[in-house]
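Participant: One structure coming up, written as structure tokens, with questions to follow.
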Amino acid sequence: MLSYTALKHLHIACVVISLSLFILRFYWSFSSPQQLQKKWVRVLPHSVDTVLLISAISMAWIAGLNPLDHFWLLGKIMGLLAYIVFGYIALKSVGSQRGRILAFIGALFWFALIVHLALNKSL
Ligand code: HEM
């Protein structure tokens, strides 16, 4: 069983890898779209995001934090959903270039908000 501190380190490592892979995939979607078809590029981001979420839920469970009692935690969950939706639109090959760039900026905004909530535990 991983300790709370180990889970937190794992969570933060996944956060960094998840953001790096998202930015890399967005860049590749313009410069070399064929990269996005590679198996590891398709599988790794989902694996990392799954570990990110499992570590998050485990920490909340261990610390006995209920999202309905802790607004910052609820905000992170909602923010994660928004980050996923914006990120999905940003990487979609059928969208307009302008729309995708706006969605990319939107995803980064939500990501920054989640980090802010994580660090300050309030808005
Ligand atoms: C993209 C999504 C996410 C990002 C960028 C993110 C970012 C972070 C960061 C940077 C920390 C470390 C804070 C510190 O050093 O004090 C952290 C901690 C934490 N996160 Fe996340 N997180 C995300 C998703 C989630 C979700 C969805 C949940 C809730 C289920 C969650 C629950 C937690 C908890 C419980 C901690 C530990 C807080 C503490 O002990 O100080 N995170 N997160």
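Participant: Could you please state how large a percent of the accessible area of the stretch 1-98 is carbon and sulfur, counting protein chains only and using a 1.4 Å probe?
Facilitator: 70
Participant: OK, next. Which lysines, if any, have their Cα less than 22 Å from the Cα of residue 39, not counting same-chain residues under 8 positions apart?
Facilitator: 92
Participant: Further question on the same structure: Which lysines have a Cα lying under 17 Å from the Cα of residue 76, excluding residues fewer than 8 positions away in the same chain?
Facilitator: Filter leaves 8, 121.
Participant: I would also like to ask the following. At 1.4 Å probe size, with every protein chain present, just tell me what the per residue accessible area of the chain comes to in Å².
Facilitator: Each residue of the chain exposes 66 Å² on average to a 1.4 Å probe.
Participant: Could you tell me the center-to-center distance, by alpha carbons, between the stretch 62-101 and the stretch 10-34 in angstrom?
Facilitator: Their Cα centres are 15 Å away from one another.
The values are calculated or read from the model by the stated rules, or taken from the named source; none is laboratory data. The structure displayed is predicted, hence computed values, not measured ones. Side chains are part of the model used for accessible areas, which takes the heavy atoms of the whole protein and leaves out ligands, DNA and RNA. Shrake-Rupley method; radii C 1.70, N 1.55, O 1.52, S 1.80 Å.
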